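Please treat every number below as a calculation from the coordinates, not as lab data. If you're wondering where the values come from, they're calculated on a predicted model, not measured in any experiment. Glycine gets a Cβ as well: all are built from the backbone with ideal geometry, and neighbour counts include every protein chain shown.
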Amino acid sequence: MGLETFLWVIWYRHLDFAYHEDHEGREDCGYRGKFPQLAQISGYLTAEALRSQRESLTKKNLCVLCASAVNPAFPSFGCGSAAVGPLWCALLLVSLSLAGCGSFSAKPDPSRFFTLTAIAQPVSAPAQGSSNSAGVSLGIGPIRLPGYLDREEIVTRVSPNRIDLSEYDRWAEPLETNFSRVVGQNLSVLLNTDRVVFYPWELTRRPNYQLTIEVLRFEPNARGEVQLSARWEILDTNKRTPLQAGESGITRQPTAQSTDASVAALSEALGDLSREIANAVSAIDGQKK
């Protein structure tokens, strides 16, 4: 039996005690008379009627809570014509207080927060033509995500036309921001350059090349796989002309059926996309040199 159930049993026992005392000829017995405070809470008495009843009970030397006769030996308890009276009255007050505290006590937030991760170590085999790409100046962005991904909740595609939102698993920051930063970190490693800036950039830091990405899909599916589908384009920022465009479709299998594993697989898929783009940038920059 739960704590609140036990405490309410005590309350009803006090009600039963009140009805038994009615046979002794006392006034105002029963639910409304014996418990004016509870009657007011339940809507039987208005605040004005409660004040009037309290004054009446006080004049009759009766407890304002349960209307029992005040025991002169225990005036602080209020009631107590019988030895058990003060106990039931005190337990009633404690039960109402504890029940209220239990009902409104704060509950821990079960939410979990996730982020994408960049390539941790430089790849053993450098990107194609990367020997000529040291010092490449590259601008990242704009990067656009579909509206259904622009939310805190982690999305799972359960059918071609339906997605589910996780109840507790969320992105720790806007996904577009996280996605852009990880792409920049990956390309900085793959191209062996620290000259990576993010859109919009200052005029004094305008890069030689600009990368734009339109993300089409970036989520786990019902089969447990993660999918990344995106269109990307590399532009010459000085001539404002496109140099190369591509569309990538990447699927990764998580190591386990969990959100942690799915997010790790999404990070790996983003690493694969970054390698495709790094190879393209390296080839373009090598041709110019």
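Sort Arg112, Arg275 by Cβ crowding within 10 Å, fewest neighbours at the top. It would help to have the intermediate numbers written out before the result.
Numbers: Arg112 13, Arg275 19.
Result, fewest neighbours first: Arg112, Arg275.
Please name which of Ile250, Leu190, Phe114 has its Cα lying farthest along the dipole of the stretch 113-288 towards the positive end, using unit charges on Cβ (Lys, Arg +1; Asp, Glu -1) and the Cα centre as origin.
My answer, from the dipole projection, is Leu190.
Short version: ³J(HN,Hα) in whole Hz for each residue of the stretch 216-226, in order, from phi by Karplus 6.51 cos²θ - 1.76 cosθ + 1.60 (θ = phi - 60°), x for Gly and Pro, what are they?
Per residue, the Karplus-derived 3J(HN,Hα) values read 9, 9, 6, 6, x, 10, 5, 7, x, 7, 10 Hz.
Each label point is 7 Å from the Cα along the Cα-to-Cβ direction; what then is the distance between the points at Thr204 and Ala106, in nm?
Label at Thr204, label at Ala106, 4.6 nm between them.
Fully extended, how many nm does the chain gain between Lys288 and Arg223 (0.36 nm per residue separation, minus their Cα-Cα distance)?
Numbers: separation 65, 0.36 × 65 = 23.40 nm, distance 4.42 nm.
Here the answer is 19.0 nm.
What is the local net charge at Glu268, summed over the other residues whose Cβ is closer than 15 Å to its Cβ (Lys, Arg +1; Asp, Glu -1)? Walk me through the intermediate numbers first.
Details: positive: Arg252, Arg275; negative: Glu219, Glu225, Asp260, Asp272, Glu276.
Net local charge, Glu268 excluded: -3.
Tally Lys and Arg at +1 and Asp and Glu at -1 over the other residues with C-beta under 14 Å from the C-beta of Phe113: what net charge comes out?
On the way: positive: Arg112, Arg151, Arg170; negative: Asp109, Glu152, Glu153, Glu167, Asp169, Glu173, Asp260.
Net charge around Phe113: -4.
Need one word for the stretch 113-288: rounded, prolate or oblate. Basis is the Cα gyration tensor (sqrt eigenvalues a ≥ b ≥ c); a/c below 1.5 gives rounded, then a/b vs b/c decides. Kindly include the intermediate steps, with their values, before the conclusion.
Details: a/c = 2.06, a/b = 1.76, b/c = 1.17.
Because a/c hits 1.5 or more and a/b exceeds b/c, the stretch 113-288 counts as prolate.
Rounded to whole Hz and in sequence order, give me ³J(HN,Hα) for the stretch 230-247 from the Karplus expression 6.51 cos²θ - 1.76 cosθ + 1.60, θ = phi - 60°, writing x for Gly and Pro.
Values per residue, Gly and Pro as x: 7, 9, 9, 8, 10, 10, 8, 6, 6, 8, 6, 10, x, 10, 7, 10, x, 10 Hz.
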